[in-house]
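Structure first, commentary second.
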Amino acid sequence: MDRLPRWADVALVPLISLLLAAIISALVLLSIGQSPVEAFDVMVDGALGSAYGWGYTLYYTTSFIFTGLSVTFAFHASMFNIGGEGQAQLGGLGVALVALALPWPHWTLALAAATLGAALFGAAWAAIPAYLQARRGSHIVITTIMFNYIAAAFLVYLLVDVLRPAGQMDPASARFPEGAHLPALNDIPGLNLIFTKPVPANVTLFIALAMAVVVWAILWQTRLGYQIRAFGKSEPAARYAGINPTFIIMVAMLMSGALAGMMSVNNVMGEAERLLQNSSEGAGFIGIAVALMGRNHPFGVVLAALLFGFLYQGGAELGLWTSIPIEMRIVVQGLVILFTGALDMMVRMLLARIFALFRSRQPGVA
Amino acid sequence: MDYATLLQILDTTLRLATPLLFACLAGLFSERSGIFDIGLEGKMLAAAMASGAVAFLTGSAWLGMLAGIGASLVFAAIHGLASITFRGNQLISGVALNFLASGITVLVAQALFGQGGRTPPLSGAARFNPITLPFADTLQGVPVLGPLYREVISGHALPVYLALAMVPLSWWVLNRTRFGLRLRAVGENPAAVDTAGVSVVGLRYAALAITGILCGLAGAYMATALQAGFGREMTAGRGYIALAALIFAKWRPVAALWACLLFGFFQALALRPDVVQAVVQVKVPVPFLDALPYILTVVVLAGFIGKAIPPRAGGEPYVKER
């Protein structure tokens, strides 16, 4: 198979994959008797048509940037971390414990401490599967899946039996103190001219964007990043070059877990302001789609996160205003993962054929 | 705990182990052929929806089962296309298909019946009803064994016995037939099979077809026997428990039976926390019982109870020429 030009590899392949996913989604909608055009209108209008809609879209985007970066970071060490969901839930626990520990005097202090707590708890939850992969050869995919379920059960136990305040019926932690309240975008001077109504998007968005830069810097500007990418490309070669596989697997997975955990600052502290059951709501899994769509590059991840933010907010609007169930967004999510991740080769083969066609038409080249 | 309670729990164990067993054997065939399939969950879910819907519309549990198998086969075919033909990442394909199934089942059920993503409740011939085995009542008087036979072994729906029958059948196919030998070989060393002039692609598609059929049975059992109809996310992670059981059983059919019974037993216990508390004299949190299969699997994977070694070529797409 011919190699594709770089621009096609970076931009065209994901765009065509996305297009294919969109076509199939439209067919799904047609087959259940709905109009894809109308659905798309509702989604665009609800997610991007107003500052209020953007406030929700950016809120989801924030979570997805974290989980997308999480999957990306592990991918570069050729680790497939499906455990983002569990790590995010544990991160939520970290956030809750930090927020409830002190009557925080100012949100900046609370934010710094909670981010650290979330990262630590998320990383800790990734540490066991990472260690088992590195030292005992247990497959990271299976162990992280198992840890998702263990995390869910653990949190149910904690919320029902330990963290729930006396007299409260629903399984959730107590409300966070006032000092742990994060400013939403509508609370920030300047931005409040755009966001006039209360929106869930909050300052965590800027942490997410900063983390995208940090991840890029670690992976492409440091010796450690070089080692991680070298290990991901070829383990034997990395070993031969004196790179310690255990160290790389541990670092990559701990960082990945920390990033997944940090997303909980956005939803637990920024939105719910208490720890609920299933707080991450599948965002950990969406990280997989975001990383694949973003070609495992932080810049791509931010763009893909925005796309999925739109998809999630738009999907919620579909559930509200049309008879299309909210689950439509899970279908689209599955299709995007399928086309960008698993059927990648199909798209490439297709493109290679088309490129070859153009090349052979040019006189003298073929 | 008295004998009657024990029998009750064992009865529940067998019922809950059945979908695990179908799915576990399903995973066994694909993984022994070298194709990782974490999409068991999605296939079961799709099958449950299709069988629930068709059983309601036709009034026949058998037609429902066929529809379930059909739906599951479609998903298996997509997985085959992605992971065999286009040599994509098998894990990613499985994840994608699970999401696809999770969403599309609700969409279709809602479009068909408009009951919030459920299928309408089934009754009569639209379900697989309990079968009383011969002499169940006559032998009731026999001490210990009589009640065991009557309460635990007899009185299940047909798919339960079908699942149990699949265990020796799978063992025989894998270990005593030419197809089984080739299947195992293709999961260990596909190049050797190719050299011998047997189609690697054909064998792997065949394995995935068997996986599809077995997952179809698992889903059909869930919707038409264990429960009366499909509900959203009704498989509730059983596909992953089955995967765990498969590792626990080290990819062998008979061991798979014991693993599934064990995990079914945990699920049955999670339904009866009062009994657990009475036996161990300590309050055991229900979530702990729920998590037990997963914790055990991690322990097994870590190699603390024997080493679980997967088929060697698992997860690797086969490329004929280098």
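Observations on the model:
- Listed here are the helices (runs of 4 or more DSSP H) enclosed by the stretch A:1-111 that have at least 3 residues being within 26 Å of residue A:200 (Cβ to Cβ) and in contact with a Lys or Arg (Cβ under 8 Å, 6 or more places away or on another chain): A:51-76.
- Residues (touching a residue at least 24 places away in the same chain (Cβ under 8 Å), aliphatic (A, V, I, L, M) and either more than 18 Å from residue A:72 (Cα to Cα) or not in a helix (DSSP H, G or I) (or both)) located in the stretch A:293-329: A:311, A:316, A:318, A:320, A:324, A:328
- Annotation: residue A:309 fulfils all but one of (1) within 13 Å of chain B (Cβ to nearest Cβ); (2) farther than 19 Å from residue B:75 by Cα; the unmet one is (1).
- Candidates in the stretch B:75-91 are the residues that are aliphatic (A, V, I, L, M) and free of Cβ contacts under 8 Å to residues at least 60 places away in the same chain; of these, the one that is nearest to the other protein chains (Cβ to nearest Cβ) is B:82.
- Taking the stretch A:23-53 as the range and being touching a Phe, Trp or Tyr at 6+ places or on another chain (Cβ under 9 Å) and either closer than 21 Å to residue A:300 by Cβ or free of Cβ contacts under 8 Å to residues at least 24 places away in the same chain (or both) as the test, the residues that pass are A:26, A:47, A:48.
- Restricting attention to the stretch B:252-282 and to residues that are within 13 Å of chain A (Cβ to nearest Cβ) and under 15 Å from the mean Cα position of the chain (by Cα), the residue that is modelled with the lowest pLDDT turns out to be B:267.
- Helices (runs of 4 or more DSSP H) enclosed by the stretch B:130-235 - at least 1 residues per element that are surrounded by 17 or more Cβ atoms within 10 Å (Cβ to Cβ) and in contact with a His (Cβ under 9 Å, 6 or more places away or on another chain): B:200-221
- Some residue of the stretch A:90-112 being facing chain B (nearest Cβ under 10 Å), surrounded by fewer than 24 Cβ atoms within 10 Å (Cβ to Cβ) and among the hydroxyl-bearing types (Ser, Thr, Tyr): no
- Whichever residue in the stretch B:32-73 is under 27 Å from residue B:193 (Cβ atoms) and hydrophobic (A, V, I, L, M, F, W, C) and, among such residues, is surrounded by the fewest Cβ atoms within 10 Å (Cβ to Cβ): B:73
- Enumeration of residues in the stretch B:268-282 that are within 12 Å of residue B:6 (Cβ to Cβ) and among the charged types (D, E, K, R): B:272
- Answer residue from the stretch A:340-362, given it is facing chain B (nearest Cβ under 8 Å), assigned to a helix (DSSP H, G or I) and in contact (Cβ under 8 Å) with a residue 40 or more places away in the chain and is nearest to residue A:290 (Cα to Cα) among those: A:341
- Matching residues in the stretch B:267-285 - criterion: being buried (at least 18 other Cβ atoms within 10 Å of the Cβ) and closer than 30 Å to residue B:28 by Cα: B:267, B:268, B:269, B:270
- Contacts under 8 angstrom Cβ, first residue in the stretch B:108-127 being more than 14 Å from chain A (Cβ to nearest Cβ), partner in a helix (DSSP H, G or I) and among the polar types (S, T, N, Q), 6 or more apart: B:122/B:224; B:126/B:58; B:126/B:224; B:127/B:224
- Any chance residue A:124 is over 19 Å from the mean Cα position of the chain (by Cα), more than 14 Å from every other protein chain (Cβ to nearest Cβ), surrounded by fewer than 24 Cβ atoms within 10 Å (Cβ to Cβ) and of a type in the set (Gly, Ala, Ser): no
- Members of the stretch A:170-219 that are of a type in the set (Val, Ile, Thr) and part of a loop (DSSP other than H, G, I, E, B): A:188, A:194, A:196, A:199, A:203
- Of the residues in the stretch A:33-45, not one is under 27 Å from residue A:211 (Cβ atoms), acidic (Asp, Glu) and surrounded by fewer than 17 Cβ atoms within 10 Å (Cβ to Cβ).
- Qualifying residue in the stretch B:291-303 (condition: among the aromatic types (Phe, Trp, Tyr), buried (at least 23 other Cβ atoms within 10 Å of the Cβ) and within 9 Å of another protein chain (Cβ to nearest Cβ)): yes
The values are calculated or read from the model by the stated rules, or taken from the named source; none is laboratory data. Predicted, not measured: the structure shown is a model, and the values here were computed from it. We place every Cβ from the backbone using ideal geometry, glycine too, and count neighbours over all the protein chains shown.
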